[in-house]
Amino acid sequence: MIKKLVSVAAVVTLLSAVVALAQTAPPLPVFSEDFSGAAGAFPASGKWAISALLDPAVRGQRIGSTATDGKTVGRITVETGDAIDGATPAMLQAKSYVCDSKGSRADEIEKAGGDAPTERAEIQIKADRKTGAGEVVKFGAPAWYRFAFKVDADWPRDEPVSGRTPCRTVIQQVKQNAAKDGVDCGASPFFKIEARPLGEGVSFFAQVTTGPVCTAPRQVRRTRLCDAGLPRERWATVNVRLVAAGDASGRVDIWLNGAHCGTYRGPMGDPEYGVRRNGVPFVDTQPRFGIYRDWRAETQTIYFDRIMVWDADPTGHPDWGVGAPPP
């Protein structure tokens, strides 16, 4: 009888320990991509969307998985003309590139009243815009995500001259489009991360955008975070805590290679003209990864690894890897 009582007590103790552990264990990610599937399995159509502007005939060449550094990772390449947007037939014939090694002409073109052509090769977390199913970034709700990236040796070695800004090169973005009187105004991403080619490395920074875009000129404000230089052909890890909001409750925290490097507090997106679903603002363009850049002649390749998103604080999860943000 004593042995049975001891056994029951031991089982109760063990179950209590398991319950306590479950209650304190960090949450699992709601979205995860480690690229470890069989060759050709990435990008899975149920998880990722690809821009309709990117020619289906070249998608398999531009987006896929590859083995490097002893692991399987995502590979995205953009070549001149990929998913080009905003270029007139005359510009295409003349190859009037927006960007070269001396910098970008985008500001000059836009100040003259034109559109500066862009091109891209990106993957986007797939979600249903009508129902919201699959959304990982929502207004008013915190989201945590992390990813690793490495830029290839094929990136240009730009050295912008005085009077020209460096060439725009976005590697990750979240957007809310805008419309006025039924007319699409487009939108700047309300949060983006760039890695602009600069000499032998890249210029890394994040940017938050807020304000109405359906005005002339656009009344937007941009805030830059985490300016840093990074080497090419070396992995970097990015962690983001994002609370998307059109008012003062908005906040972004960002970590680079494990170190907290910036905080933004305030509104983001377009609270006036941003798209709505059932009268409520929503994030119609979920996180994108890849390359979105000013139109240029050169090829660029980027690699991604371990893209993960949480809807609850993942502090303590081994894949999150950083602590809580400052108060």
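Key figures for this structure:
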| read-out | value |
| --- | --- |
| Ordering of 217-227, 136-146 by burial proxy (mean other Cβ atoms within 10 Å per residue, highest first) | 136-146, 217-227 |
| Spatially proximal lysines relative to Lys126 (Cα-Cα < 26 Å; intrachain offsets below 8 disregarded) | Lys47, Lys71, Lys138, Lys150, Lys175, Lys180, Lys192 |
| Carbon/sulfur fraction of accessible area - the chain, other protein chains in place, 1.4 Å, % | 54 |
| Mean Cβ neighbour count within 10 Å, used as a protection proxy, ranking 307-315, 268-276 highest first | 268-276, 307-315 |
| Length-normalised contact order of the chain in % [C-alpha pairs under 8 Å, at least 6 apart] | 25 |
| Which labelled figure in [x] 28, 21, 20; [y] 42, 31, 24; [z] 39, 24, 19 is semi-axes √(5λ) of the Cα gyration tensor in Å, once derived from the coordinates | [z] |
| The stretch 250-327, dipole about Cα centre (Lys/Arg Cβ +1, Asp/Glu Cβ -1), debye to the nearest 20 | 120 |
| Accessible area expressed per residue, the chain, with surrounding protein chains retained (probe 1.4 Å, Å²) | 47 |
| Prolate/oblate/rounded label for the stretch 208-327 (Cα gyration tensor, a/c 1.5) | oblate |
| Dipole in debye (nearest 20) - the chain, about Cα centre, beta carbon charges: Lys, Arg +1; Asp, Glu -1 | 720 |
| Cα gyration tensor shape for the stretch 268-327, rounded if a/c is under 1.5, else prolate or oblate | oblate |
| Rounded, prolate or oblate (a/c below 1.5 giving rounded, otherwise prolate when a/b exceeds b/c) for the stretch 158-222 by Cα gyration tensor | prolate |
| For Gln176, distant residues with modelled amide H under 5 Å away | Phe190 |
| Between helix 2-24 and the chain: long-axis angle, C-alpha atoms, 0 to 90°, nearest 10 | 20 |
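The values are calculated or read from the model by the stated rules, or taken from the named source; none is laboratory data. These figures come from a predicted structure and were not determined experimentally. Counting neighbours? That spans all protein chains shown, and the Cβs are built from the backbone with ideal geometry, glycine included. Accessible surface areas use protein heavy atoms only, side chains included; no ligands, DNA or RNA. Shrake-Rupley method; radii C 1.70, N 1.55, O 1.52, S 1.80 Å.
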